[in-house]
Structures are given as structure tokens and as C-alpha cells.
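Let me begin by presenting the structure, written as C-alpha cells, before commenting on it.
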């Protein structure tokens, strides 16, 4: 069962995943695997580009259906910290439709993984700049449920 908490303007979610830490790390860092679970239900990820080096570029495009029709959202940022397979920190901001320059505030996503007994992994996601009661927090909970289900 997911746990959520707030720390000022952050969403914090913890989950225990029934998979080894290396497999969970790959779900976050391999673009093809990332496309399979990221985003809320019904979302597709046509673009996921990760340069997994310090300050390496990160570009993600997500398509979602809204009451007004399909909407594309682009996110750009950089990898701030990479300590495989335990810590991934990246910046993220909304961007123009082609993944161009940031168009809004920059937020920070921190993914901490801890190896547990029995081949399980504890995942702690902190997204600084996204309030716990926001649509972004709802999207994270949906996406992490899909990540967890991929190993069920």
C-alpha cells in the first residue's frame, strides 16, 4: 500500500516493490522501460531521452486524454545526481511542445532505492515543487502503481 506525505511543497511517496534493486533502477533509467509505466492511466510516452551523466539532458513527452481532447506535455531537465542503483536526482520543468526551453518553474525529483530482504526494493520518491494535493501528485501515485504492477 502506498504511503504519501508532504514536506512543504513536495509530494513524498514510498512503496515496496517486489523486484531486485537493479530491476527497479532500470525502470527509471532505461527509456524503453520508463515509457511502459510512467504517467497516469491512459498516458503514452512517445519521447524519453536520458543522458545518464552528471548534468546530462533528460527529455520526456507525455500524451494524455483530457475532456478537451488529447494534450501533449513536455518535460525537460538534467540529471543532478546518479549513484546506481540507489539514487537518482533530476530537475524537471514544463517545456514547449518540441522539448525546447523550460516554460515554468523547475522542480526536483529524487528517487531513493533501498535493497530489502527477499529480492524486494523500497522506493522513496520526493518531488520538490509539486504539492501533495496537486494533479501531479495524483499522476505520480498512478504511475508508481503501474511500476509496482509490472513486477506483480
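Odds and ends about this structure:
- Take the Cβ atoms of residue 133 and residue 44, set R0 to 30 Å, and the FRET efficiency comes out at 0.70.
- Crossing angle, helix 135-149 versus the chain [Cα axis fit, 0-90 degrees, rounded to tens]: 40 degrees
- Each residue in 71, 58, 110 was given a count of other beta-carbon atoms within 10 angstrom of its own, and listing them fewest first yields 71, 110, 58.
- Ranking of 50, 151, 75 by neighbouring Cβ atoms within 10 Å, starting from the fewest: 151, 50, 75.
- Directionally averaged shadow of the stretch 75-140, computed from the convex hull of its alpha-carbon atoms, nm²: 5.5 nm²
- Here r is the Cβ-Cβ distance between residue 57 and residue 115 and R0 is 25 Å; the resulting FRET efficiency, rounded to 0.05, is 0.30.
- Paired Rg and Dmax values of the stretch 3-149, which use every Cα atom, in angstrom: 14.6, 46
- Ordered by the number of other Cβ atoms lying within 10 Å of each residue's own Cβ, fewest first, 11, 47 fall into the sequence 47, 11.
Read-outs throughout are calculated quantities, based only on the coordinates presented, and are distinct from any laboratory measurement. Quantities reported herein were computed from a predicted structural model and do not represent experimental measurements. Here the Cβ is made from the backbone with ideal geometry for all residues, glycine too, and neighbour counts use every protein chain on show.
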